[in-house]
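Following: one structure in structure tokens, then a few remarks.
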Amino acid sequence: MSLMDQLMADMKEAMKAKDKERLATIRMLKSALMYATIKDEGKLSDNQLSREQELAVLGKEKKQREESIADFKKAGRDDLVAATEKELEIVESYMPKPFTEEELSKLVDETIAEVGASSKADFGKVMKAIVPKITGRADGKEVSKLVGAALSK
């Protein structure tokens, strides 16, 4: 089942349960996916996003929520923090399980060996190879730090 199909089914459930917060968040996710599909229409076959593209959209939506929560906390808007945390929880429910630190370290080491990187000069090559593998499952900044640390050994 594609992510769009899953969203449609969950949207119907939320409507039946009269869960307005979940319904609004699912509609927002569906809209973001539709926008990405339309934006990349010329590059897509069958007007379908790939799994990686879907995860990238979900990751973007997740990051927006996390940034909003931080901003709302700074502003002392606890009411908005609670609502946005609920949205974030719903968005995360559609994402795959994140990598553990051990899994991420192992993936970094494997990718470095795969690319044949030996110094900090190869950082870009490693990042280019690893980003598609981590999409939606790990933060790029965290991976960047791990790659930098591994290459400076």
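Taking 7 Å steps out from each Cα toward its Cβ at GLN48 and GLU92 produces label points 3.0 nm apart.
When ligands, DNA and RNA are left out and all protein chains stay put, how many square angstrom of accessible area per residue does the chain have with a 1.4 Å probe?
Details: 9840 Å² over 153 residues.
Dividing the accessible area of the chain by its residue count gives 64 Å².
Dipole check for the chain: with +1 at the C-beta of Lys and Arg, -1 at the C-beta of Asp and Glu, and the Cα centre as origin, the magnitude is about 280 Debye. The Cβ shell under 13 Å around ALA138 holds other residues with a net charge of +3, Lys and Arg each +1, Asp and Glu each -1. Inter-label distance, LYS12 to GLU114: 3.8 nm, where each label sits 7 Å from its Cα along the C-beta direction.
Could you tell me the calculated FRET efficiency between MET28 and VAL131, based on Cβ-Cβ distance and R0 = 22 angstrom, to the nearest 0.05? Numbers along the way, then the final one.
Details: r = 25 Å, r/R0 = 1.14.
FRET efficiency, MET28 to VAL131: 0.30.
Let's test the formula: R0 of 30 Å, r as the Cβ-Cβ distance of MET4 and ALA70. What FRET efficiency results, to the nearest 0.05? The calculated FRET efficiency here is 0.50. Taking 20 Å as the straight-line reach from the Cα of LYS20, the lysines in range (excluding those fewer than 8 positions away in the same chain) are LYS12, LYS30, LYS62, LYS86. Solvent-accessible surface (1.4 Å probe) assigned to VAL131 amounts to roughly 70 Å².
Give the carbon-plus-sulfur fraction of the accessible surface of the stretch 3-94 in %, rounded to a whole number; probe 1.4 Å, heavy atoms of protein chains only. Write out the running numbers ahead of the final one.
Numbers: 2980 of 6040 Å².
In the stretch 3-94, the share of accessible area belonging to carbon and sulfur is 49 percent.
Extents of the stretch 3-94, taken as max minus min of Cα coordinates on every principal axis and listed largest first, are 46, 31, 17 Å. Estimated from helices alone, the mean residue ellipticity of the chain at 222 nm is -25000 deg cm²/dmol (sum of -39500 (n - 2.57) over DSSP H runs with n ≥ 4, per residue). Quick one: pull the percentage of alpha-carbon pairs in the stretch 54-153 with a separation above 24 Å. Here the long-distance tail beyond 24 Å is 36 percent of all Cα pairs in the stretch 54-153. Taking a straight line from the alpha carbon of LYS39, these aspartates and glutamates sit under 19 Å away, with near neighbours fewer than eight places off in the same chain left out: GLU52, GLU54, GLU61.
Taking only protein heavy atoms and a 1.4 Å probe, the accessible area of the stretch 101-151 is 54% carbon and sulfur.
So which helices of the chain fit the span-like rule, where a helix is a whole DSSP H run, its Cα atoms reach 18 Å or more along the axis, and its mean Kyte-Doolittle is at least -1.0?
Values: long enough: 3-17 (21 Å, -0.08); 20-39 (28 Å, 0.09); 51-75 (36 Å, -1.33); 78-93 (23 Å, -0.14); 101-115 (21 Å, -0.27).
Qualifying helices, which must be both long enough and hydrophobic enough, are 3-17, 20-39, 78-93, 101-115.
The values are calculated or read from the model by the stated rules, or taken from the named source; none is laboratory data. Here the structure is a predicted model, which means the values were calculated and not measured. Backbone-built Cβ (ideal geometry, glycine too); neighbour counts: all protein chains shown. Ligands, DNA and RNA are stripped out before the accessible areas are found, and what is left, the full protein with its side chains, is counted by its heavy atoms. Shrake-Rupley method; radii C 1.70, N 1.55, O 1.52, S 1.80 Å.
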